[in-house]
1. What is the one condition in (1) within 14 Å of the ligand (Cβ to nearest atom); (2) open to solvent by 20 Å² or more (accessible area, probe 1.4 Å); (3) in contact (Cβ under 8 Å) with a residue 40 or more places away in the chain; (4) farther than 18 Å from VAL190 by Cα that ARG41 does not satisfy?
2. Within region 187-239, can you find the residues that are in a loop (DSSP other than H, G, I, E, B) and β-branched (Val, Ile, Thr)?
3. Quick check on my filter: what residues within region 44-95 are over 30 Å from ALA134 (Cα atoms), open to solvent by less than 60 Å² (accessible area, probe 1.4 Å) and within 15 Å of the ligand (Cβ to nearest atom)?
4. Quick one: count up the residues across region 150-200 that are among the charged types (D, E, K, R), loosely packed, with under 15 Cβ neighbours inside 10 Å and in contact with a helix residue (DSSP H, G or I) (Cβ under 7 Å, 6 or more places away or on another chain).
5. Is it true that GLU171 is more than 22 Å from LYS19 (Cα to Cα) and of a type in the set (D, E, K, R)?
6. So is LEU146 open to solvent by less than 40 Å² (accessible area, probe 1.4 Å), away from the ligand (no atom under 16 Å from the Cβ), hydrophobic (A, V, I, L, M, F, W, C) and more than 21 Å from LEU13 (Cβ to Cβ) or not?
7. Could you list all residues from region 126-162 that are in contact (Cβ under 8 Å) with a residue 60 or more places away in the chain and either touching an Asp or Glu at 6+ places or on another chain (Cβ under 9 Å) or in a loop (DSSP other than H, G, I, E, B) (or both)?
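The values are calculated or read from the model by the stated rules, or taken from the named source; none is laboratory data. None of the values given here were measured: they were computed from a predicted structure. Backbone-built Cβ (ideal geometry, glycine too); neighbour counts: all protein chains shown. These accessible areas exclude ligands, DNA and RNA; they are computed on the full protein's heavy atoms, side chains included. Shrake-Rupley method; radii C 1.70, N 1.55, O 1.52, S 1.80 Å.
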Amino acid sequence: MAEKTAGEKIGELRDRLAKAQHLVVLTGAGISAESGVPTFRGQDGLWRQYRAMDLATPEAFQEDPKLVWEFYNWRRELLAPLRPNPGHLGLVELEKRLPKFTLITQNIDGLHQVAGSRNMLELHGNLWWVRCTACGMKEEDRTVPLPVLPKCRSCGGLLRPHVVWFGEMLEPPVLNASYEAIEQSDVMLVIGTSGTVQPAASMGVLAKRTGSLVAEINLDPTPYTDAYHISISGKAGDIIPQLVDG
Ligand code: OAD
């Protein structure tokens with residue numbers, strides 16, 4: 001049988017979404033690429049220019065918190081002027097239309113929230129939040145740049161970015177809520193993620209195992225492309241609006 005065209009796959013997915021009861025969406029850096037956020041593993045990817053282990057680990061922060069904060073201040077400066085794109089906005093529309101909707105994102109850029117997404121689980125934290133290394137206080141702080149080194153308002157302790165670094169555990173309540181949503185979902189979309197970082201990478205397969213229809217939207221093939229029910233090759237900002245409007 002001939003491979004279905006992108007248009008046919010989009011139509012099939014749109015019909016399935018119209019009947020969905022609980023949609024779970026997992027997003028990665030690809031959905032923010034069209035807003036101007038660099039991905040991690042693409043041609044100009046962040047981890048091609050910088051060594052993650054020097055900048056995004058608890059050890060790096062312990063050794064040189066100033067260097068790590070300068071890196072995060074640079075990323076905050078880069079992201080501050082960026083706006084959500086039609087991909088983010090399409091997901092907001094799907095959330096409004098469907099009985100139940102859960103967005104699980106690996107992105108720390110906060111663009112889903114700016115777009116208007118509500119029921120959201122941020123697996124890797126958020127670049128616009130800080131956390132005290134001494135008392136655990138967490139708060140949103142959009143100051144750009146933050147003073148290096150930034151100090152906690154309540155106890156004077158050293159603040160760190162409220163993001164998950166390599167070698168750190170994801171927050172158990174966020175992870176548990178993600179698994180619960182996946183188990184309850186009947187459709188899952190996996191958008192703009194290379195499927196290389198666990199546990200997010202295997203969430204689509206888990207959804208398939210628990211009976212959901214799983215569709216991938218990605219510019220390039222991933223290790224899971226052939227495993228999902230539907231895989232659509234293209235830009236999230238082109239395809240998601242077609243799922244909403246078609
Ligand atoms: P990657 O940079 O690994 O992958 C981005 C994926 O998006 C690639 O498969 C691209 O082909 C695809 N892509 C690029 N532009 C796209 C577009 N316009 N539309 C659709 N797809 C597009 O990013 P992630 O998979 O998100 O973790 O990376 C996972 C984690 O690795 C990140 O959360 C981060 C990183 O290390 C932490 O910082 C803990």
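1. (4)
2. Narrowing region 187-239 to residues in a loop (DSSP other than H, G, I, E, B): 192-199, 210-212, 219-229, 234-235.
Matches in region 187-239: THR193, THR196, VAL197, THR210, THR222, THR225.
3. Within region 44-95, GLY45, LEU82, PRO84, ASN85, GLY87, HIS88, GLY90, LEU91 qualify.
4. Final tally of qualifying residues: 1.
5. Numbers: more than 22 Å from LYS19 (Cα to Cα): yes; of a type in the set (D, E, K, R): yes.
Considered against the rule, which asks whether it is more than 22 Å from LYS19 (Cα to Cα) and of a type in the set (D, E, K, R), GLU171 comes out as yes.
6. On the way: open to solvent by less than 40 Å² (accessible area, probe 1.4 Å): yes; away from the ligand (no atom under 16 Å from the Cβ): yes; hydrophobic (A, V, I, L, M, F, W, C): yes; more than 21 Å from LEU13 (Cβ to Cβ): yes.
In short, yes.
7. First, the residues of region 126-162 that are in contact (Cβ under 8 Å) with a residue 60 or more places away in the chain: 142, 144-146, 148-150, 158, 160-161.
Across region 126-162, the qualifying residues are ARG142, VAL144, PRO145, LEU146, VAL148, LEU149, PRO150.
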